[in-house]
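**Student:** Here you go, one structure.
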Amino acid sequence: MAQEIKLRLKARSDEEYRKGLPLVYKDRIENLADLKEEGAIFRLADSRNKFIGKGYYGLQNKGCGWILTRDEQEVIDQGFFEKKLQKALKHRESFFNSSDTTAFRVFNGEGDGIGGLTIDYFAGYYLLTWYSEGIYRFKEEILQSLRNLADFKGIYEKKRFDAKGSYMEDDDFVEGERGEFPLIVKENGENFAIYLNDGAMTGVFLDQRDVRKTIRDVYAKGRTVLNTFSYTGAFSIFAAKGGAVKTTSVDLANRSKSKTIEQFSINGIDYEAKDIIVEDVFNYFKYAVRKKLLFDMVILDPPSFARSKKHTFSASKDYKNLLKEAIAITEKDGIIVASTNCSTFGMSKFKGFIEAAFKESGGKYKLLEEFSLPKDFRTISEFKEGNYLKVAFIRKLS
């Protein structure tokens, strides 16, 4: 086994790592230059040289690695990864036993004990997403763990790091049998068309499952619904299934229209009776104001950061103003579903954006429900950034 690299924390960082912080930030390390090759195992000590934990070196955003164990004697090998995966699979037993939902998260990074790796399940197929070259170095150990523990039709992967000079598998296929795409999966009884062989996106964001169900079961009936940043129209599908009288889906990406038509079609919904619009959402808001359009429900689920020809959007800076745009075209007693996956602020600050947006718009509101990640997206309290999803159902009172 390769020699473990000894890392030492800067004094000001001792306490947060003693409390369980799993992500090793570059600016917290005294001897960062000792890290040479991603995938190397490190042994982290505090500023007084007392053992904190062991993990791997892998560059991911501001991090340079993840702590995997606090046990000084534990070996990080194939058996280690298998134990983590076995525990994760056990936690998702209820999902595997469901016939209504056949797509969910099996392994959620640091929430299941291995930062930098997620594994999703799609009707017999597993999708592994690697967030650094460091964790990718353990690919064979993790694949062997999956082979030992799970039955599967096939395995696909996504690399969310710059794989300089490394080979890329043909269409992200790893092993087993190739899927026939679109692969049709179920979520709470509705259908989604999934592609595991077509770039970074699969066709649906699994973390919004509970929100979509709530829209369908509680709020959609009899409403006109505007779904902004609509991607493949998942919210629109659930709104239509919940009895919305009209859905309007707006997204800037050209392919969003054909993808949304496909999702409507596999759910037996007449897409020609729906509005599916390819346009910059910010331009559409202006159009709606000019035309005096009002909606009974407006869904806001923008990316954390987005850039178009005329607009740059940052959730941490611009969400309040986005909400003001939505408020202006929402009927009285209408519902705004405000959502963000930005990890740099928490629910308290998000509610502050809502408060400020209504105050500056001269209106009142009632917060009806709030959501964070569903139970298959396991998180840990020691890493609040991992629980990134914030969703609020808001009733516009005036």
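The values are calculated or read from the model by the stated rules, or taken from the named source; none is laboratory data. Keep in mind the model is a prediction, meaning the values are calculated, not measured. Ideal geometry is used to build each Cβ from the backbone, glycine not excepted, and the neighbour counts take in all protein chains shown. Just the protein is used for accessible areas: all its heavy atoms, side chains included, with ligands, DNA and RNA removed. Shrake-Rupley method; radii C 1.70, N 1.55, O 1.52, S 1.80 Å.
**Student:** Give me the net charge for the shell around Asp27: Cβ to Cβ below 11 angstrom, other residues only, Lys and Arg +1, Asp and Glu -1.
**Tutor:** +4
**Student:** Which value results when the Cα radius of gyration for the chain is divided by 2.2 N^0.38 Å?
**Tutor:** Working it through for the chain, the quotient is 1.05.
**Student:** Report, for the stretch 72-198, the % of DSSP beta bridges that are antiparallel, rounded to 5.
**Tutor:** Beta bridges within the stretch 72-198, antiparallel portion: roughly 75 percent.
**Student:** Then there's this: Principal axis lengths of the stretch 1-102 from Cα atoms, whole Å, largest first?
**Tutor:** Ordered largest first, the stretch 1-102 gives principal extents of 52, 30, 24 Å.
**Student:** Now for a different question. How much net charge surrounds Thr344 when only the other residues with a Cβ under 14 Å from the Cβ of Thr344 are counted, with Lys and Arg +1 and Asp and Glu -1?
**Tutor:** +3
**Student:** Run the numbers on the stretch 5-69 and let me know its relative contact order in percent, using alpha-carbon pairs under 8 Å that are six or more apart.
**Tutor:** 37 percent
**Student:** Using a 1.4 Å probe on the protein chains only, how many percent of the accessible area of the chain belongs to carbon and sulfur?
**Tutor:** So the carbon and sulfur contribution to the accessible surface is 47 percent.
**Student:** Still on this structure: Among the listed pairs Lys274/Lys320; Lys158/Lys246; Lys221/Lys274; Lys310/Lys366; Lys87/Lys213; Lys62/Lys317, which are separated by more than 24 Å between their Cα atoms?
**Tutor:** Lys274/Lys320; Lys158/Lys246; Lys310/Lys366; Lys87/Lys213
**Student:** Counting other Cβ atoms within 10 Å of each Cβ, which GluC sites (Glu not before Pro) in the stretch 1-87 have at most 14 and sit in a DSSP loop?
**Tutor:** When the GluC sites (Glu not before Pro) of the stretch 1-87 are filtered for loop state and at most 14 Cβ neighbours within 10 Å, Glu4, Glu30, Glu37, Glu72, Glu74 remain.
**Student:** When ligands, DNA and RNA are left out and all protein chains stay put, how many square angstrom of accessible area per residue does the stretch 289-362 have with a 1.4 Å probe?
**Tutor:** Per residue, the stretch 289-362 has an accessible area of 51 Å².
**Student:** Give or take rounding to whole Å, what are the principal axis extents of the alpha carbon atoms in the stretch 272-349, in descending order?
**Tutor:** Per principal axis, max minus min of the Cα coordinates gives 37, 33, 24 Å.
**Student:** Here is a follow-up. Of all trypsin sites (Lys or Arg not before Pro) in the stretch 311-398, which ones are in loop regions per DSSP and have a Cβ with at most 11 other Cβ atoms within 10 Å?
**Tutor:** Qualifying residues, ordered by number: Lys364.
**Student:** Alpha carbons only, please: Rg and Dmax for the stretch 78-194, in angstrom.
**Tutor:** 14.1, 43
**Student:** Considering only DSSP beta bridges with both partners in the stretch 219-359, what is the antiparallel share in %, to the nearest 5?
**Tutor:** 15 percent
**Student:** Same structure again: Counting only DSSP beta bridges with both residues in the chain, tell me the antiparallel percent, nearest 5.
**Tutor:** 65 percent
**Student:** Among Met347, Met297, Met201, determine the one that fluctuates most according to a GNM of the chain built with springs between C-alpha atoms less than 10 Å apart.
**Tutor:** For the chain, modelled as a Gaussian network with Cα springs under 10 Å, the answer is Met201.
**Student:** Can you tell me what the convex hull of the Cα atoms of the stretch 61-123 projects to on average, as an area in nm²?
**Tutor:** Averaging across all directions leaves 5.4 nm² for the Cα convex hull.
**Student:** Rolling a 1.4 Å sphere over the protein heavy atoms, what is the accessible area per residue of the stretch 78-194, to the nearest Å²?
**Tutor:** Accessible area per residue: 42 Å².
**Student:** Quick one: grab Rg to one decimal and Dmax as a whole number for the stretch 44-97, Cα atoms only, in Å.
**Tutor:** Cα-based Rg and Dmax for the stretch 44-97 come out at 14.7, 49 Å.
**Student:** How much net charge surrounds Lys320 when only the other residues with a Cβ under 15 Å from the Cβ of Lys320 are counted, with Lys and Arg +1 and Asp and Glu -1?
**Tutor:** +2
**Student:** Could you state the orientation-averaged shadow area of the convex hull built on the Cα atoms of the stretch 258-398, in nm² to one decimal?
**Tutor:** 10.2 nm²
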